[in-house]
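A.B. asks: Okay, handing you the structure first.
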Amino acid sequence: MWRRAATAALALGAGAGGAAIAYSDDPSATLKICTHLPPRLLRDTVTAATIAFDYQYSLWGLEPGTPAWLSAKHDAHLRSANRLQELCFRNGGIYIKLGQHIAQLEYVVPEEYVQTMRASMLKRCPVSTYEQVCRVFGKDIGESPETVFAEFDPVPLASASLAQVHVAKTHDGQKVAVKVQHDHLTDTSVIDIATVGLIVNTLHYIFPTFDYRWLVDEIRESAPKELDFLNEAKNSEKCVQNFRRLSPHIAESIYVPKVYWTLSSSRILTMEFMDAKEVTDVNGIKELGIRPVDVSYLVSKAFSEMIFKHGFVHCDPHAANMMIRPLPQDNRKIFGWKRPQLILLDHGLYKELDYTTRISYASLWKALVFSDEKSIKENSVKLGAGEDLHALFAGVLTMRPWKSVIDPAVDHLVLDGNSTDRSELQMYASLYFPQISELLRRLPRVILLMLKTNDCLRAVNHAL
């Protein structure tokens, strides 16, 4: 078994390296990057093998469902999550993105993985040196940041998995935010996606119920789009146009920073600098004279419009990608409180929902609200869950057990976010882990991203 895994690793490594060189704009630079492939691939293989062995050894001879088995599995989950976290940090790039994605899959992957990734992945992102930033400017624009801008702060304001943001001032005096991609990420991402696939496929080979190949497929499809900042800029403008054309009643309450096209490229995005509060900064929002409940309503309304009316959905709505400020030039107030304006950032990841999917998804939510068991099943099947897993799909969407989903009580879908709720959901996630894996394998990837979007919005609204 391990001989076959090693052979597959070598073949995959050679293929990944060859693909990276063949499709790179700078083959010589990519060839140099590929010298890092063997140690990265070795780390991947060792991590996957160690995780697999840990589960087999820790659970050996224990009766599933017993206290001893549950305790051993919890400890194995925790050790394996820490190993995976360390691998993500050591390899960086797409691996950080993978860790952040796992952190948002609450009750879909084991809690130990979610909590481990959530505690660190947004706080320990890589930071490029100023020399690396200058190298990106030289390749993409042909000039240094000091020449392109009147002022450019070499110390980044923030850093994420794929890029970091610098504050600058244009020659006509406009304050801007400059998003600069980490150097060589476009080339290394080809290798990283292939090697991430190795880990997932190896673990699936050893544990058939562990099937997260869909996650690799999603990263393989979305990463090139997220790495193209001109695509992100086009998405941002389309988002604004959709609100103006299809949702004029709330268009003034949604804002997207202006893009400076002449100062942007596929790896550099120059945008209007926004002075606003993060969407979950409850105290900061109150200091602006805005009620958090009004912000919660606006966020929910905005994404409902995108999902059910526009069919063009921002699929990474975590707290860092949404900001709030008072609606400019607005004298109207709600019981003495100012009206909020939602600022949407990071438009790299969007998905399009066709008309049929939107109708089925809307019908499913209507059925969930009204506890209509027949309609829940019918629309779950239409969305790809299958007749046998419709109840599980409803549970993943609402984060409520089936008995609560079909409860006719008005508040049957309310989540208090207390420890009892969490314990119950975690228990169900643990008991039905193989079925959840199968459900995620079946669902179209666009629906998987709707699940992620749903979870992000739930977290934001809970904080508000």
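Matching residues to (1) open to solvent by 50 Å² or more (accessible area, probe 1.4 Å); (2) in contact with a Gly (Cβ under 9 Å, 6 or more places away or on another chain); (3) of a type in the set (Phe, Trp, Tyr); (4) at pLDDT 85 or above:
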residue	(1), (2), (3), (4)
385	no, no, no, yes
388	yes, no, no, yes
401	no, yes, no, no
410	yes, no, no, yes
416	yes, no, no, no
427	yes, no, no, no
431	yes, yes, no, no
444	yes, yes, no, yes
451	no, no, no, yes
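A.B. asks: Restricting attention to segment 351-384, report how many residues are part of a strand (DSSP E or B) and touching a Phe, Trp or Tyr at 6+ places or on another chain (Cβ under 7 Å). Give the derivation first.
C.D. replies: At the first step, the residues of segment 351-384 found to be part of a strand (DSSP E or B) are 351-352.
Checking the rest, the ones that are also touching a Phe, Trp or Tyr at 6+ places or on another chain (Cβ under 7 Å) come to 352.
Adding up the residues that qualify gives 1.
A.B. asks: Could you please let me know if residue 212 is in contact (Cβ under 8 Å) with a residue 40 or more places away in the chain, under 30 Å from residue 339 (Cα atoms) and outside the structural domain of residue 449 (by the TED database)?
C.D. replies: On the way: in contact (Cβ under 8 Å) with a residue 40 or more places away in the chain: yes; under 30 Å from residue 339 (Cα atoms): no; outside the structural domain of residue 449 (by the TED database): yes.
Judged against the criteria, residue 212 is not a match.
A.B. asks: Right, another one. Are there any pairs with C-beta distances below 7 angstrom linking a residue in segment 188-199 that is within 12 Å of residue 219 (Cβ to Cβ) to a residue that is assigned to a helix (DSSP H, G or I) and among the basic types (Lys, Arg), with the two at least 6 apart or on different chains, and if so which?
C.D. replies: 193/220; 195/40
A.B. asks: Residue under question is residue 405, and the condition is that it be at pLDDT 85 or above, within 24 Å of residue 374 (Cα to Cα) and open to solvent by 60 Å² or more (accessible area, probe 1.4 Å); does it hold?
C.D. replies: No.
A.B. asks: Collect the residues in segment 150-164 that are at pLDDT 90 or above and open to solvent by 40 Å² or more (accessible area, probe 1.4 Å), keeping them in residue-number order. Full working, then the answer.
C.D. replies: Looking only at segment 150-164, we keep the residues that are at pLDDT 90 or above, and these are 150-157, 163-164.
Within segment 150-164, 150, 151, 153, 154, 155, 157 meet the criteria.
A.B. asks: So if I check each of 296, 253, 265, which one is touching a strand residue (DSSP E or B) at 6+ places or on another chain (Cβ under 6 Å) and either at pLDDT 95 or above or not hydroxyl-bearing (Ser, Thr, Tyr) (or both)? Let's see the steps before the verdict.
C.D. replies: Numbers: 296 fails: touching a strand residue (DSSP E or B) at 6+ places or on another chain (Cβ under 6 Å); 265 fails: touching a strand residue (DSSP E or B) at 6+ places or on another chain (Cβ under 6 Å).
Within the list 296, 253, 265, the selection yields 253.
A.B. asks: Exactly one of these conditions fails for residue 381: (1) modelled with pLDDT of 95 or more; (2) open to solvent by 80 Å² or more (accessible area, probe 1.4 Å). Give me its number.
C.D. replies: Exception for residue 381: condition (2).
A.B. asks: Can you find even one residue in segment 128-143 that is closer than 26 Å to residue 397 by Cα and either touching a Ser or Thr at 6+ places or on another chain (Cβ under 6 Å) or not small (Gly, Ala, Ser) (or both)?
C.D. replies: As a first pass, look at segment 128-143 and keep what is closer than 26 Å to residue 397 by Cα: none.
Within segment 128-143, not a single residue is closer than 26 Å to residue 397 by Cα and either touching a Ser or Thr at 6+ places or on another chain (Cβ under 6 Å) or not small (Gly, Ala, Ser) (or both).
A.B. asks: Which of the residues that make up segment 74-84 are open to solvent by 10 Å² or more (accessible area, probe 1.4 Å) and either at pLDDT below 85 or more than 15 Å from residue 192 (Cα to Cα) (or both)?
C.D. replies: In the first step, residues of segment 74-84 are kept if they are open to solvent by 10 Å² or more (accessible area, probe 1.4 Å); the result is 74-75, 77-79, 82-84.
Answer for segment 74-84, where residues must be open to solvent by 10 Å² or more (accessible area, probe 1.4 Å) and either at pLDDT below 85 or more than 15 Å from residue 192 (Cα to Cα) (or both): 74, 75, 77, 78, 79, 82, 83.
A.B. asks: Enumerate the strands (runs of 3 or more DSSP E) found wholly within segment 261-350, keeping only those where 2 or more residues are over 28 Å from residue 136 (Cα atoms). It would help to see each step written out before you state the result.
C.D. replies: Values: elements: 268-272, 312-314, 322-326, 340-344.
So the answer is 312-314, 322-326, 340-344.
A.B. asks: So, one more: Pairs under 7 Å by beta carbon, first residue at pLDDT 75 or above in segment 93-106, partner of a type in the set (Phe, Trp, Tyr), six or more apart or different chains?
C.D. replies: Close Cβ pairs (under 7 Å, with a partner that is of a type in the set (Phe, Trp, Tyr)) amount to 102/113.
A.B. asks: Next question, about the same structure. Give segment 283-299 a look and list any residue that's exposed (fewer than 15 other Cβ atoms within 10 Å of the Cβ) and in contact (Cβ under 8 Å) with a residue 40 or more places away in the chain, or say none.
C.D. replies: Passing the criteria: 289, 293.
The values are calculated or read from the model by the stated rules, or taken from the named source; none is laboratory data. Since this is a predicted model, take the numbers as computed values, not measurements. Note that we place each Cβ from the backbone using ideal geometry, even for glycine, and neighbour counts take in every protein chain shown. SASA here: full protein model, heavy atoms, side chains in, ligands and nucleic acids out. Shrake-Rupley method; radii C 1.70, N 1.55, O 1.52, S 1.80 Å.
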